[in-house]
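Novice: Quick one: the structure is below, and I'll ask about it shortly.
Any read-out appearing in this document is the output of simple, stated calculations on the displayed coordinates, not a laboratory observation. Model, not experiment: these values are computed from the prediction. All Cβ positions, glycine included, derive from the backbone under ideal geometry; neighbour counts span all protein chains shown.
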2 protein chains.
Amino acid sequence: MSTSRPRRRIPEASVARLPIYLQILIEQADGGVLNISSEGLAELAGVNAAKVRKDLSYLGSYGVRGVGYEVDYLIFQIRREMGLDQDWPVVIVGGGNLGQALAGYGGFSGRGFPVGAIVDNDPAKVDTVVGGVRIRHLDELDTIVSGTGIAIGVIATPASAAQEVADRLVAAGITSILNFAPTIVTAPSRVSVRTVDLAVELQILSYHEQRRANLRSGTRTGGRGTGLGPGSATLKRGATA
Amino acid sequence: MSTSRPRRRIPEASVARLPIYLQILIEQADGGVLNISSEGLAELAGVNAAKVRKDLSYLGSYGVRGVGYEVDYLIFQIRREMGLDQDWPVVIVGGGNLGQALAGYGGFSGRGFPVGAIVDNDPAKVDTVVGGVRIRHLDELDTIVSGTGIAIGVIATPASAAQEVADRLVAAGITSILNFAPTIVTAPSRVSVRTVDLAVELQILSYHEQRRANLRSGTRTGGRGTGLGPGSATLKRGATA
DNA sequence: TCGACTTTGTGAATTCATGCACGAGCGACA
DNA sequence: TGTCGCTCGTGCATGAATTCACAAAGTCGA
């Protein structure tokens, strides 16, 4: 009992990196590499070696001093710790552009997240087949979830529908949501929600672009002085909630 | 001169939140809301009000005590600071599943990132039209970038091609890369790179799912004791690089 | 068997981010 | 014009994440 079982609760920042290490390790294993040092892994992941060691230490003490980590064993341990030693089928909500791309994208099934179902509320889309899966009606969500034990829902709808979809996913018993709609969705705290907003990513890049542009053109751009001041018009209190 | 120009260098964590505030503010403006308190904005963004104020304070001092922030003016300032007062056309590399979905996804153009070009190295794809844009050959990248001044490249290729594509993007003069391929891509430090790996997101959710499952079934699952020990076989030093 | 060498695992120092708590400023209203 | 109430801006304390630096633990070759 006292053998391996690692101390729980891995810091979020580490949890976010483990999949990256995992992916690199799998590539290395495929390439015939048997073991790897924290230094080598750090190099490939583009991070600091000490960080790699600390991250891995949360899993347990699986390295061998003077040698490094056995690739296969590390893969095994990361998988186990992250719950990737089983498949997690997902239900995609939204059979539009993005939903279809996700369903057709091999990267899901190939990495342990097969598309178990796709639903849409548009009758015209229902019964069409995408990526080998027949689109079903949104109303069947409860049946699907309770019938298959799917725990993860993927929202690929327009922003306007996202929150309602999230509510329905939660009601159906989903406990993790990956949201691609460009809006915040809220859910009870027992449910994990992650939002991936493509535009947000681009906007972050935009900030850095802009920053570089400013630096190039002499420390700061001559003010784009639009005259507008903070209190350009006296503020009138509007609805705040 | 001493008027507005805010102190530079906004912490990364704040930069990542500003687009979210921006989006909420735009929604509010559309709904006719004229001003909003840090409390209100925090509520909508799902974060702490002090954090909102601190984030916004990096832009300058644009709030009015006792009243809040003028929505329109805040939108203007966030846009300006993030470089969103101009369009940033992007070039998408990869006309496959994902590339097509991205090109067809309104969320890009609609938010200031029009798809300026799509390229692919598959002759069969070249000249087909996706989302109103004709796919051109990858080899035209240099011409496209220098001709249009596009600064942002989006990688929507298989992982195996990602690094080479990144290199070519950099060579062509791109300074920001948004990578959707499930692999690390490296670039000179003058180039910003962000990777969005859908599977990684799911794996993070998996971790939390698994964690909940473990907690439910009595503190910790009975060990899946596969006998395997850290040094199951004596490690032989393999290639490390 | 021993000593040189390599690489881990982790305490300690540092940097970054969050959240509290409160002074200061502003509008509203008498 | 003075007072009251609201909300910002920010100093400070706390906590999380990163990085350094080194003892401990192992391998390898002679």
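Novice: Please compute the average number of Cβ atoms from other chains found within 10 Å of each residue's Cβ in peptide A:18-28.
Specialist: Partner-chain Cβ atoms within 10 Å, mean over residues of A:18-28: 4.
Novice: Do the sum for the protein assembly as shown: with -39,500 (n - 2.57) for every DSSP H run of n ≥ 4, divided by all residues, what is the mean residue ellipticity at 222 nm, to the nearest 500 deg cm²/dmol?
Specialist: Calculated from helices alone, the mean residue ellipticity at 222 nm is -13000 deg cm²/dmol.
Novice: Residue B:217 label points, 7 Å along Cα→Cβ, one per copy: pairwise distances from this copy to the rest in nm, shortest first?
Specialist: From this label point to the equivalent ones elsewhere in the assembly: 6.0 nm.
Novice: Right, something else. Quick one: putting +1 on the C-beta of Lys and Arg, -1 on the C-beta of Asp and Glu, what dipole do you get for chain A around its Cα centre, in Debye to the nearest 20?
Specialist: Details: 25 positive and 22 negative charges, 253 e Å.
Charge dipole, chain A, about its Cα centre: 1220 debye, nearest 20.
Novice: Specify which residue in the list A:158, A:137, A:198 is farthest towards the positive end of the charge dipole of segment A:90-198, using unit charges on the beta carbon of Lys, Arg (+1) and Asp, Glu (-1), about the Cα centre.
Specialist: Comparing the listed Cα positions along the dipole, A:198 ranks first.
Novice: Using 1/(1 + (r/R0)^6) with R0 = 56 angstrom and r between the beta carbons of residue B:164 and residue B:65, what's the FRET efficiency to the nearest 0.05?
Specialist: Numbers: r = 54 Å, r/R0 = 0.97.
Given R0 = 56 Å and the Cβ-Cβ separation, E is 0.55.
Novice: If you don't mind, another one. Distances from residue B:43 to the same residue in each other copy, label points 7 Å out along Cα→Cβ, in nm, shortest first?
Specialist: List, nearest first: 5.4 nm.
Novice: Within 10 Å of each Cβ in peptide B:68-74, how many partner chain Cβ atoms are there on average? Round it to a whole number, please.
Specialist: Values: counts 4, 2, 9, 2, 3, 7, 1.
The per-residue average across the peptide is 4.
Novice: Specify, for chain A, the residue whose C-beta is closest to the rotation axis mapping it onto chain B, with the distance given in whole Å.
Specialist: A:101, 2
Novice: By average Cβ neighbour count within 10 Å, what is the ranking of B:199-205, A:21-27 from highest down? Don't jump to the answer; show the numbers that get you there.
Specialist: Details: B:199-205: 22.7, A:21-27: 20.7.
Put in order of decreasing packing, that is B:199-205, A:21-27.
Novice: In addition: Aspartates and glutamates near residue A:54 by alpha-carbon distance under 16 Å, same-chain residues fewer than 8 away left out - which ones?
Specialist: A:12, A:39, A:43, A:81
Novice: Take the Cβ-Cβ distance between residue B:85 and residue A:140 as r, set R0 to 35 Å, and report the resulting FRET efficiency rounded to the nearest 0.05. Don't skip to the answer; put the middle values down first.
Specialist: Numbers: r = 45 Å, r/R0 = 1.30.
It comes to 0.15.
Novice: What does the charge count around residue A:159 come to, taking other residues whose C-beta lies under 10 Å from its C-beta (Lys +1, Arg +1, Asp -1, Glu -1)?
Specialist: Numbers: positive: none; negative: A:197, B:27.
Within the 10 Å Cβ shell, the charges total -2.
Novice: Placing a label point 7 Å from Cα toward Cβ, how far apart in nm is residue B:96 from its equivalents in the other copies, listed shortest first to one decimal?
Specialist: The projected label point of residue B:96 is separated from its counterparts by 2.5 nm.
Novice: Pop out the Kirkwood hydrodynamic radius of segment B:12-82 from its pairwise C-alpha distances, inverse of mean 1/r, in Å to one decimal. Don't skip to the answer; put the middle values down first.
Specialist: Numbers: mean 1/r = 0.0851 Å⁻¹.
Here the Kirkwood hydrodynamic radius works out to 11.8 Å.
Novice: At 0.36 nm per residue, minus the direct Cα-Cα distance, what do residue B:30 and residue B:194 gain on full extension? Give it in nm, one decimal, please.
Specialist: Numbers: separation 164, 0.36 × 164 = 59.04 nm, distance 3.03 nm.
Roughly 56.0 nm would be gained on extension.
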